[in-house]
1. Just to confirm a number: summing +1 for Lys and Arg and -1 for Asp and Glu over residues other than GLY305 whose beta-carbon lies under 13 angstrom from that of GLY305, what do you get?
2. Whole number please: convex hull volume per residue of the Cα set in segment 4-116, in Å³?
3. Based only on other Cβ atoms within 10 Å, what is the fewest-to-most ordering of CYS75, CYS251?
4. Explain nothing, just the number: relative contact order of the chain, from Cα pairs under 8 Å at least 6 residues apart, as a whole percent.
5. If N is the number of residues in segment 10-341, what value comes out of its Cα radius of gyration divided by 2.2 N^0.38 Å?
6. Output wanted: per-residue J couplings in Hz (rounded whole) for segment 273-283, from phi through Karplus 6.51 cos²θ - 1.76 cosθ + 1.60, θ = phi - 60°, x for Gly and Pro.
7. In what sequence do HIS5, HIS21 fall when counting other Cβ within 10 Å, fewest first?
8. Where does the charge balance sit around ASP177 when Lys and Arg score +1, Asp and Glu -1, over other residues with C-beta under 15 Å from its C-beta?
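Readers should treat all values here as calculations from the given coordinates under stated rules, not as data from a laboratory. Since the model is a prediction, treat every value here as computed from it, not as a measurement. We place every Cβ from the backbone using ideal geometry, glycine too, and count neighbours over all the protein chains shown.
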Amino acid sequence: MEHPHPPRDLRLLPKAHLHLHFTGSMRPATLLELAGEHGVHLPDALTGGEPPKLRATDERGWFRFQRLYDAARSCLRTPEDIRRLVREAAEEDVRDGSGWLEIQVDPTSYAPRLGGLIPALEIILDAVDSASRETGLGMRVIVAANRMKHPLDARTLARLAVRYAGSGVIGFGLSNDERRGMARDFDRAFAIAREGGLLAAPHGGELTGPASVRDCLDDLGAARIGHGVRAAEDPRLLRRLAERGVTCEVCPASNVALGVYEKPEQVPLRTLYEAGVPMALGADDPLLFGSRLAAQYEIARTHHGFTDAELAELARQSIRGSAAPPDVQAKLLAGVDEWLEC
Ligand SMILES: [Zn+2]
């Protein structure tokens, strides 16, 4: 007779974290401390000790989400603040079993206080390098352009990102409200990034449907999709993602917090998994959504019935979808096998 194995600790499962935003990675306690230090008055929604109630499926809700995000961002003022944020993000990730973290940042937001775009990115890359050495976590940066800004700004950012390819930047992203503008408007920026050896990882298929994922593939040459969950509405698109091995950076807690889906069980994890679309579960903005990396795997286990073998496969997909060098991937993949064997 077979005895069921007690559920394994998901924090011990080695994984790669491919969808985490810079400010959004902040510990709530750190936000309060920095706000105090810099005399920033935070909106009540950020000081209640509980994740704020958000509903971003309409433009007002999204605007509110962005306002909270901006308030949190305004607490990051000095190079020391940046170093602290990155170090703590790395510590939290290590605690959750991450062996590789790709953190996403638009340096434009920090440029005014840090002496310009180039110093801002250099301070961030330096912080990432130190945090990586202190914690042992492999860490790289995805420079993300903002969809609400002019496509020329995105090109400037892409050129800057390419200059730092090989010095910590591995990808180029596009974030903010998918309902604004066309992915196509950013095609030149993405061409610059890809030609410069960066991985294209724009957001798509979160607030808008499968068409936005197709646009990311066709117009931006996306190798990965930030979210991409709405691809579940189109079987042909799912096949295309699966055949091309395009990893979707799926963030279940974020989807529920922002009202993309009402309940965790509605996030189409099973649909993507069964279609063979590789996924990398991510936390997106733990500061605003109240949960970190391991919790996303908990959702797959609790609400979608993923077995430990399937959870191990999800972890493998996250590792294979990462920009981690082959030796790092091999080590993490071996760790996944060990986790499953014990
Ligand atoms: Zn995101």
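1. Numbers: positive: ARG270, ARG301; negative: GLU265, GLU274, GLU298, ASP308, GLU310.
Combined, the nearby Lys, Arg, Asp and Glu give -3.
2. Numbers: hull volume 16.5 nm³, N = 113.
Cα-based convex hull of segment 4-116, divided per residue, equals 146 Å³.
3. Numbers: CYS75 23, CYS251 28.
Result, fewest neighbours first: CYS75, CYS251.
4. Numbers: 646 pairs, mean separation 69.2, N = 342.
Answer for the chain is 20 percent.
5. Numbers: Rg = 18.2 Å, N = 332, 2.2 N^0.38 = 20.0 Å.
So the Cα radius of gyration is 0.91 times the expected 2.2 N^0.38 Å.
6. 4, 5, 7, x, 7, x, 10, 10, 5, x, 9
7. Numbers: HIS5 10, HIS21 27.
With the fewest neighbours first, HIS5, HIS21 line up as HIS5, HIS21.
8. Numbers: positive: ARG55, ARG60, ARG64, ARG67, ARG147, LYS149, ARG179, ARG180, ARG230; negative: ASP58, GLU59, ASP70, ASP106, GLU178, ASP185, GLU206, ASP215, ASP284, ASP285.
That works out to -1.
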